[in-house]
1. Through the Karplus equation 6.51 cos²θ - 1.76 cosθ + 1.60, θ set to phi - 60°, convert the phi angles of the stretch 45-58 into ³J(HN,Hα) values in whole Hz; use x for Gly and Pro.
2. Can you pull the percent of the stretch 22-128's accessible area that's carbon plus sulfur, 1.4 Å probe, other chains left in place?
3. Multiply the residue separation of LYS89 and ASN39 by 0.36 nm, subtract the distance between their alpha-carbon atoms, and state the gained length in nm to one decimal.
4. Applying the Karplus parametrisation 6.51 cos²θ - 1.76 cosθ + 1.60 with θ = phi - 60° to the phi angles of the stretch 88-104, what ³J(HN,Hα) value in whole Hz is obtained for each residue in order, glycine and proline being reported as x?
5. Could you state, as a whole-number percent, how many of the C-alpha pairs of the stretch 43-94 are farther apart than 17 Å?
6. Whole-Hz ³J(HN,Hα) for each residue in the stretch 60-72, computed from phi via Karplus 6.51 cos²θ - 1.76 cosθ + 1.60 with θ = phi - 60°, x for glycine and proline: what do you get?
7. When a/c reaches 1.5 or more, the comparison of a/b and b/c decides; with that in mind, is the stretch 39-126 rounded, prolate or oblate per its Cα gyration tensor?
8. Once amide H atoms are placed 1.01 Å from N in the peptide plane, what residues at a sequence separation of 5 or more from HIS43, or on another chain, have their amide H within under 5 Å of its amide H?
Amino acid sequence: KATEEKNKKKRQIIQKFCIKSDMLLVHNQQALLQPQLVNGNYHWNEEEINNLENILGLRQLGLSVKAIIRIKDLHDTKCGSLEQLKENKQVILDEIAERDKQILLLQEQKENLENLLQQINNKLEESQ
């Protein structure tokens, strides 16, 4: 019965936050979430649910798991300090730089696809 109740709690968390069970496992493995493990089942307390909400909020902002791990580490070790703010700023700048790289790559891929499409269109026109 206790196992059923814990599985029910996990299902409620998954449904409430519209996430997959695998996502919870990944966050557990990366130490972003640390629910208590009892008899092979995770026990989710209010603090862990709040941590999950924070992680999901940061993911929705576009932060990578790597950045979230760093921000969490800074929060845990340097909370409220000027050093935390400066390092958080650098994390955000690094994330922006990474997005810029991704955008350039996507633009290149788009151009390649457009060129391919033009080649196909040219061949179609030639065949008429």
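The values are calculated or read from the model by the stated rules, or taken from the named source; none is laboratory data. Here the structure is a predicted model, which is why all the values come from computation and not from measurement. Cβ sites come from the backbone with ideal geometry, for glycine too, and all protein chains shown count toward neighbours. Heads up: the accessible areas ignore ligands, DNA and RNA and are worked out on the full protein's heavy atoms, side chains in. Shrake-Rupley method; radii C 1.70, N 1.55, O 1.52, S 1.80 Å.
1. Along the stretch 45-58, the couplings run 9, 4, 4, 5, 5, 5, 4, 4, 4, 5, 4, 5, x, 5 Hz.
2. The computed percentage sits at 53.
3. Numbers: separation 50, 0.36 × 50 = 18.00 nm, distance 4.09 nm.
Fully extending the segment from LYS89 to ASN39 adds 13.9 nm.
4. 4, 4, 5, 4, 5, 4, 5, 5, 5, 4, 5, 5, 4, 4, 5, 5, 4
5. Of the Cα pairs, 39 percent sit more than 17 Å apart.
6. Residue by residue, the stretch 60-72 yields 5, 6, x, 6, 6, 4, 4, 5, 5, 4, 5, 4, 5 Hz.
7. Judged from the Cα gyration tensor, the stretch 39-126 comes out oblate (a/c at least 1.5, b/c at or above a/b).
8. When sequence neighbours closer than 5 places are left aside, the close amide H contacts are GLN36, LEU37, VAL38.
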